[in-house]
Amino acid sequence: MRTAYSVETVRTAERAAMARLPEGALMQRAAAGLAAACADLLGRAPGRVYGSRVVLLVGSGDNGGDALYAGARLARRGAGVNAVLLAPERAHAGGLAALRRAGGNAAGADSGVGLIERADLVVDGIVGIGGKGGLRPEAVPLAEAAERARAAVVAVDLPSGVDADTGQVRGAAVRADLTVTFGTHKPGLLIDPAREYAGSVRLVDIGLELDEKPVLEALQHADVARLLPVPGAESDKYRRGVVGIAAGSARYPGAAVLAVSGALRGGAGAVRYVGPAGDAVIARFPETLVSDQGPKRAGRVQAWVVGPGAGDDAGTVAEVVAAEVPVLIDADGLRLADAGAVRARTAPTLMTPHAGEAAALLGVGREEVEAARLDAVRELAGRYGATVLLKGATTLVAGAGEGPVRVNGTGTPWLATAGSGDVLSGLAGSLLAAGLSAVDAGSAGAYLHGLAGRFAARGAPMGAHDVASAIPRAWREVRDVQEVWDVQEVRNVRG
């Protein structure tokens, strides 16, 4: 599992590390990791490190010092290194001296654009993790030149101009091809829109001891595999869980079909469908248990999914929200559900809005949600007393409590297709019925859904039904990794 910590926690850990290490050791560790990442990047280019042209964009903080010391290491390997000093009088003295001893040069900001245009590699050390707001005016032309240039751009710890704690981008910012971050991931590296500025992320261990709870968690294959329900020898379809799907309408029968398609592949033993699209559902999935008697008379379920394609059927939504089992609310259900009734629920509730639906629930513009996704998902979870899955390029899952927010990045832009969210609702609802908590069901569902989207698309357009069909492949991929881990652990135990 990847974790991300707040700036305050990172700063505290850095101070503790500096107190127990020789002076300057922490910066040297960071610089060594940064230089190694830069050398790897240059090593894949025709010029390699020797003879390559490297430009350091150096601000006044420790990030500038990291860049300068890393530049000195590259200069000793034969790179031509120029440091563009945005605040010459406040540049890190030790790092600047080390660069000059290694044969590097320093220049003012007015020379920066020309140097960047001829560079093979640009290192962004303008602002560190404590920066707030966009770049200052004097740094903007350098960031724009770096984006236009053919050079690869490496950010030190975090792209300058993005918010480390929230992932917000409030102005001009550096767009990196690679971000080399130290000690731990920062939330902004994992959350849009800042994630788009970070490029690939490489974590360098500098020996920080992080005792606080992380702000974010990002599940990996092995983490998801441990969550997925696996039937035992005594399992039957009812013991595995039954998920109810209350979805679809005369206008939107396809939403019901797609939600059921996700649910059938989500680990529960059976799927009950309630709604006006029963004929369409049974024609596509004859294994579905179809009822036209409403949720209360549909039979026993361990979880409900309500809302996809529901139109204006507020009565069905209210009936499901009143149920004493876990409930997933999506799409039209988010608009129709009474907020007070949702807050009054004692069983787990999972809400799955996209940015537009989240904006409507919060009473703000969609652009506000998209600019501050972490704040939005936390606000919704607290306001409704529910777990909230905020869909997007990076999906966020926040519980109603104070635990870490889960972030998922397995998706693909091709998932932005009609009905994809209906498949996710059925999948996550099935995981709820199989016994997962709302946070785990949302996190594992988003992870599998994203992988399935990648497998279904493979770089080409696809439909939501393709995503549903690819879920078993995603499930097997995740489980295969866990089986490898299990075999390795047995080997380790046996010596």
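Within segment 334-356, which residues are outside any helix (DSSP H, G or I) and small (Gly, Ala, Ser)?
Pass one, segment 334-356, residues outside any helix (DSSP H, G or I): 337-338, 345-354.
The answer is ALA337, ALA347.
Please go through segment 316-343 and give me each residue that is touching a helix residue (DSSP H, G or I) at 6+ places or on another chain (Cβ under 9 Å) and either surrounded by fewer than 17 Cβ atoms within 10 Å (Cβ to Cβ) or modelled with pLDDT under 95 (or both), ordered by number. Can you show your working first?
So the first thing to find is which residues in segment 316-343 are touching a helix residue (DSSP H, G or I) at 6+ places or on another chain (Cβ under 9 Å), and the list is 316-323, 325-339, 341-343.
Correct list: ALA318, ALA322, ARG335, ASP338, ALA339, ALA341, ARG343.
The residue pairs whose first member lies in segment 192-204 and is acidic (Asp, Glu) and outside any helix (DSSP H, G or I), whose second member is at pLDDT below 95 and surrounded by 17 or more Cβ atoms within 10 Å (Cβ to Cβ), and whose beta carbons are closer than 6 Å, counting only pairs six or more residues apart or on different chains, are ASP192/ALA393; ASP192/THR394.
Here segment 346-360 is the region considered, the condition is being open to solvent by 30 Å² or more (accessible area, probe 1.4 Å) and of a type outside the set (Ser, Thr, Tyr), and the residue that is farthest from ALA393 (Cα to Cα) is PRO348.
Just one of (1) open to solvent by 10 Å² or more (accessible area, probe 1.4 Å); (2) closer than 26 Å to GLY188 by Cβ fails for ALA106. It is (2). Restricting attention to segment 250-279 and to residues that are surrounded by fewer than 24 Cβ atoms within 10 Å (Cβ to Cβ) and in contact with a Pro (Cβ under 7 Å, 6 or more places away or on another chain), the residue that is nearest to GLY463 (Cα to Cα) turns out to be ARG265.
Assigned to a loop (DSSP other than H, G, I, E, B), at pLDDT 95 or above, among the aliphatic types (A, V, I, L, M) and over 20 Å from the mean Cα position of the chain (by Cα) - does that describe any residue in segment 424-436?
Restricting attention to segment 424-436, the residues satisfying the condition of being assigned to a loop (DSSP other than H, G, I, E, B) are 434-436.
Those still in the list that are at pLDDT 95 or above too: 434-436.
Filter again for among the aliphatic types (A, V, I, L, M), leaving 434, 436.
Then keep just the ones that are over 20 Å from the mean Cα position of the chain (by Cα); that gives 434, 436.
Among the residues of segment 424-436, at least one is assigned to a loop (DSSP other than H, G, I, E, B), at pLDDT 95 or above, among the aliphatic types (A, V, I, L, M) and over 20 Å from the mean Cα position of the chain (by Cα), which makes the answer yes.
Evaluated against (1) more than 21 Å from VAL169 (Cβ to Cβ); (2) among the polar types (S, T, N, Q); (3) touching a strand residue (DSSP E or B) at 6+ places or on another chain (Cβ under 8 Å), THR394 falls short on exactly one condition, (1).
What is the residue count in segment 385-418 for residues that are in contact (Cβ under 8 Å) with a residue 12 or more places away in the chain and either aliphatic (A, V, I, L, M) or part of a helix (DSSP H, G or I) (or both)? Reasoning before the result, please.
Taking segment 385-418 as the starting set, the residues that turn out to be in contact (Cβ under 8 Å) with a residue 12 or more places away in the chain are 385-400, 403-415, 417-418.
Next cut, either aliphatic (A, V, I, L, M) or part of a helix (DSSP H, G or I) (or both) only: 386, 388-390, 393, 396-398, 400, 405, 407, 413-415, 418.
So the answer is 15.
Counting just the residues of segment 129-148 that are assigned to a loop (DSSP other than H, G, I, E, B) and buried (at least 22 other Cβ atoms within 10 Å of the Cβ), which one comes out modelled with the lowest pLDDT? It comes out as GLY131. For TYR447, the criteria (1) touching a His at 6+ places or on another chain (Cβ under 6 Å); (2) open to solvent by 10 Å² or more (accessible area, probe 1.4 Å); (3) at pLDDT 95 or above hold in every case but one, which is (1). Among the residues of segment 19-31, those identified as aliphatic (A, V, I, L, M) and surrounded by fewer than 16 Cβ atoms within 10 Å (Cβ to Cβ) are ALA19, LEU21, ALA25. The set of residues in segment 362-384 that are part of a loop (DSSP other than H, G, I, E, B) and open to solvent by less than 50 Å² (accessible area, probe 1.4 Å) comprises GLY365, ALA372.
Residue pairs whose Cβ atoms lie under 6 Å apart, separated by 6 or more positions or on different chains, with the first residue in segment 235-264 and at positive phi and the second open to solvent by 20 Å² or more (accessible area, probe 1.4 Å) and assigned to a loop (DSSP other than H, G, I, E, B), are GLY241/GLY269; GLY241/GLN302; GLY241/ALA434; GLY248/GLY275.
Would you say ASP120 is over 23 Å from GLN168 (Cβ atoms), touching a strand residue (DSSP E or B) at 6+ places or on another chain (Cβ under 8 Å) and in contact (Cβ under 8 Å) with a residue 60 or more places away in the chain? Yes; evaluated as a whole, the condition is true for this residue. Looking across segment 214-249, just one residue is open to solvent by 50 Å² or more (accessible area, probe 1.4 Å) and in a helix (DSSP H, G or I), and that is ARG226.
In segment 149-166, which residues are in a loop (DSSP other than H, G, I, E, B) and either farther than 22 Å from ARG11 by Cβ or more than 21 Å from the chain's Cα centre (by Cα) (or both)? Reasoning before the result, please.
To start, the set of residues in segment 149-166 that are in a loop (DSSP other than H, G, I, E, B) comprises 149-151, 157-161, 163-166.
The answer is ALA149, ARG150, ALA151.
The values are calculated or read from the model by the stated rules, or taken from the named source; none is laboratory data. On a predicted model such as this, the values are computed, not experimentally measured, just so you know. A quick note on method: Cβ atoms are made from the backbone with ideal geometry, for glycine too, and the neighbour counts reach across all protein chains shown. The protein model used for the area step is the full one, side chains on, heavy atoms only, and it has no ligands, DNA or RNA in it. Shrake-Rupley method; radii C 1.70, N 1.55, O 1.52, S 1.80 Å.
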